[in-house]
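The structure appears right after this line, and notes come after that.
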Amino acid sequence: MSAHAKLPAASFPVRRMDFNFADSPKYWFANDPFLSHYMNNLSSLFPYGEKFFVDSVRAVRDHITDPQLKKDISAFIGQEAMHSKEHAAYNEYAAKHNIDLHRLELRIKVLLEWVTRFSTVKQRLAITCALEHFTATMAEQMLQREDLSCQMNDPRLYQLWLWHAIEENEHKAVAYDTYQAVGGGYFTRVSMMLLSTLLFFGVIGWFQVHLLRKDGQLFNWRSWGKGLKTLLSPRNGFLTQLLRPYLSYYRPGFHPNDYVTKPLEQRWRERLGFNN
């Protein structure tokens, strides 16, 4: 490449956000304890979870030769760093309502340190691919399901989650393309997905019970009923709808871009007032 050749731009931007959640109501999702704590639960995974993603991709970045992928890796790192920052700011809301998300975040830190100690660089990258598939498919559904997103009754938290959902879809293929570029194989990819699935749902279940118990809502059966129906209804449950895209990950020829989301991303960028 000549000295004057133009380097490719990243496929997506890094947006600098600055949310403040100090005045957000406690039960900001459908005025419901279970569903609000489910989203709080997910938020607690991101600060250290996304640091793990960044570290996993950064560890192999010097082995990437494709200039477009190198640019996208840098933008991926930038977006994930902003997600970690804003979900740490989420703790302003939690602290106001005596919800100890910081303790849950530290549990994720310890868990991921344990995973790092007992895994290889390529296995950690495969775990990142698996968890990025989880987050991208959940994010896609959040963008599609306005029957759910319209129940977010705090405008700042609404914007946080929809911004995050857009960006998870914008960069959903970066870790996967990086894994393929460094020679990652099928067996490691699917075995790490199985491990990630067990860890993800084990942690989600544990944290959900913890948050409800600490809030004095563990035996609020009406809230449990509403929450489990929203998540697990056979017809349109939030988690139930993830089953098909989850299983598609086990196809030998799978790629994240099999799920076309660019029109959905663009529609929401326009709605949220992003210029790009």
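FYI, it's all coordinate maths here, none of it is from the lab. None of these values were measured; they are calculated from a predicted model. Every residue, glycine among them, receives a Cβ derived from its backbone with ideal geometry; neighbour counts consider all protein chains shown.
Local charge for L239 was computed over the other residues whose Cβ lies under 14 Å away, with Lys and Arg +1 and Asp and Glu -1, and equals +3.
Give the shape of region 109-154 as rounded, prolate or oblate, defined through the alpha-carbon gyration tensor: a ≥ b ≥ c are the square roots of its eigenvalues, a/c under 1.5 means rounded, and otherwise the shape is prolate if a/b is larger than b/c and oblate if not. Cα axes put region 109-154 in the oblate bin. Beyond 24 Å between alpha-carbons counts as too far, so tell me which of K85/K122; K85/K229; K26/K214 fall in that bin. Correct reply: K85/K122; K85/K229.
Please report W268, W206 as a ranked list, fewest other C-beta atoms within 10 angstrom at the top and most at the bottom. List each step's numbers first, then the result.
Values: W268 19, W206 13.
So the ranking, lowest neighbour count to highest, is W206, W268.
Out of every Cα pair in region 190-276, what percent are spaced more than 21 Å from each other? More than 21 Å apart: 56 percent of the Cα pairs in region 190-276.
Estimated from helices alone, the mean residue ellipticity of the chain at 222 nm is -22000 deg cm²/dmol (sum of -39500 (n - 2.57) over DSSP H runs with n ≥ 4, per residue).
Between the C-alpha center of region 45-120 and that of region 196-224 there is a gap of 22 Å. The Stokes-Einstein estimate for the chain, based on a Kirkwood radius over Cα pairs and taken at 10 °C with 1.306 mPa s viscosity, is a diffusion coefficient of 82 µm²/s. When S233, S119, S36, S24 are arranged by Cβ crowding within 10 Å, least crowded first, meaning fewest neighbours, the order is S233, S119, S24, S36. Taking Lys and Arg as +1 and Asp and Glu as -1, the other residues whose beta-carbon sits under 14 Å from that of V60 total 0.
Anisotropy class assigned to region 134-228 is oblate, per the alpha carbon gyration tensor with a/c at or over the 1.5 cut-off and a/b no larger than b/c.
For L198, L264, the sequence from fewest to most other C-beta atoms within 10 Å is L198, L264.
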